[in-house]
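The block underneath contains the structure these notes are about, expressed in structure tokens.
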């Protein structure tokens, strides 16, 4: 049988540690870990991360795969005092840690920003303090505590994502319980107050997947609208207006999205629940690596990228979950050589 030397004309490197600079196709043996390794192509994949300390769905959050934050949400079973939670947790890439709570219980709030500078705006409440209403309250996170800020112009819930950062954010759409109707308008946040801006091109849509690196370059996909039902509509935001663009391949709402306006991933969705994942390249959608199981209403790290994104919680195969999934995009990387 031919050896590696016979095929490639050179021996496998025998090293005490992994080399600092490697090239695609390079093979070596690490004598410290007793493993053979190769620098090769790795397909995109989902991997399990640490479980959240609170099992809830319709939560909000922000941050990256190694520095995430999640907060608020809907508990099941419902505890005394109402089904919503004020819980906040942070993630270091391995495990979740419970930190200081918000002041106002709600679920489906618009959340975004980073692990040290986040925003929670609006949301739905049905508890003794806030009976059956969509709220306008805004709170800011400074890495240690939450504090109140100016309210939204229109109380709303079930948009769940604020695109951008604490001092330059954007929300759009949502649902208002008091009028039992969807909200089409957009609001921009400057770190102090909210300003109403242009509405969606698709009227009456909420529970959409929203993503984008900055408040003036975002995408909103799918959603639900009373009457038409579940939607495939996709719109692009340029900082001033929403414009219809290439439709999502299937009709879903409560999907999770992360990435930029020109390179992103949308995962899962509801009606019915799905494990489908699609990649957005700024022009069109293509099928990507599926989730391990159907999931919807999960929270995405709003600063996740196509190379390293994160989603947590939500409903997995119809059951409320505390699990976390980390996404790694297709890339060249180091792999351990094994035999079976």
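The values are calculated or read from the model by the stated rules, or taken from the named source; none is laboratory data. Computed from a predicted model, the values in this text were never measured in an experiment. FYI the Cβ positions are ideal-geometry reconstructions off the backbone, even for glycines, and counts take in every protein chain you see.
Provide a single number: the residues in region 290-315 that are in a strand (DSSP E or B) and buried (at least 23 other Cβ atoms within 10 Å of the Cβ). Give the derivation first.
Here is the first cut: in region 290-315, the ones in a strand (DSSP E or B) are 295-296, 299-300, 308-312, 315.
Those left that are additionally buried (at least 23 other Cβ atoms within 10 Å of the Cβ): 295-296, 299-300, 309-312.
Here the count works out to 8.
Under the condition of being within 18 Å of residue 168 (Cα to Cα) and buried (at least 20 other Cβ atoms within 10 Å of the Cβ), which residue from region 237-257 is farthest from the chain's Cα centre (by Cα)?
Filtering region 237-257 down to residues within 18 Å of residue 168 (Cα to Cα) leaves 237-242.
With the extra rule that they be buried (at least 20 other Cβ atoms within 10 Å of the Cβ), the set shrinks to 237, 242.
Values: 237: 18, 242: 21 Å.
Only one residue tops the list, namely 242.
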Test: residue 154 is over 17 Å from residue 298 (Cβ atoms), modelled with pLDDT of 95 or more and within 15 Å of the chain's Cα centre (by Cα): no
Residue in region 204-219 that is modelled with pLDDT of 95 or more, outside any strand (DSSP E or B) and either in contact with a helix residue (DSSP H, G or I) (Cβ under 7 Å, 6 or more places away or on another chain) or farther than 15 Å from residue 163 by Cα (or both) present: no
Residues of region 220-279 classified as assigned to a strand (DSSP E or B) and at pLDDT 95 or above, total: 25
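Please verify whether region 210-221 includes one or more residues that are crowded, with 24+ Cβ neighbours inside 10 Å and free of Cβ contacts under 8 Å to residues at least 40 places away in the same chain.
At the first step, the residues of region 210-221 found to be crowded, with 24+ Cβ neighbours inside 10 Å are 210-212, 218-221.
Those left that are additionally free of Cβ contacts under 8 Å to residues at least 40 places away in the same chain: none.
No: zero hits.
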Selection within region 306-332 - within 10 Å of the chain's Cα centre (by Cα) and free of Cβ contacts under 8 Å to residues at least 60 places away in the same chain: 311
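For residue 184, indicate whether it is out of contact with any strand residue (DSSP E or B) (no Cβ under 6 Å at 6 or more places or on another chain) and either crowded, with 18+ Cβ neighbours inside 10 Å or farther than 26 Å from residue 64 by Cβ (or both). Outline the logic, then answer.
Numbers: out of contact with any strand residue (DSSP E or B) (no Cβ under 6 Å at 6 or more places or on another chain): yes; either crowded, with 18+ Cβ neighbours inside 10 Å or farther than 26 Å from residue 64 by Cβ (or both): yes.
Yes.
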Which listed residue, of 46, 28, is under 21 Å from the mean Cα position of the chain (by Cα), in contact (Cβ under 8 Å) with a residue 12 or more places away in the chain and either not in a loop (DSSP other than H, G, I, E, B) or not assigned by TED's automatic domain parsing to the domain that holds residue 161 (or both): 46
Residue in region 117-139 that is under 20 Å from residue 238 (Cα atoms) and crowded, with 24+ Cβ neighbours inside 10 Å present: no
Selection within region 80-115 - at negative phi, part of a loop (DSSP other than H, G, I, E, B) and in contact (Cβ under 8 Å) with a residue 40 or more places away in the chain: 83, 94, 95, 100, 101, 102, 103, 109, 114, 115
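Being over 15 Å from residue 315 (Cα atoms) and either part of a loop (DSSP other than H, G, I, E, B) or outside the structural domain of residue 103 (by TED's automatic domain parsing) (or both) is the filter here, so list the residues in region 49-74 that pass it. Break it down into steps so the answer makes sense when it comes.
As a first pass, look at region 49-74 and keep what is over 15 Å from residue 315 (Cα atoms): 49-50, 53, 61-72.
Correct list: 49, 50, 53, 65, 66, 72.
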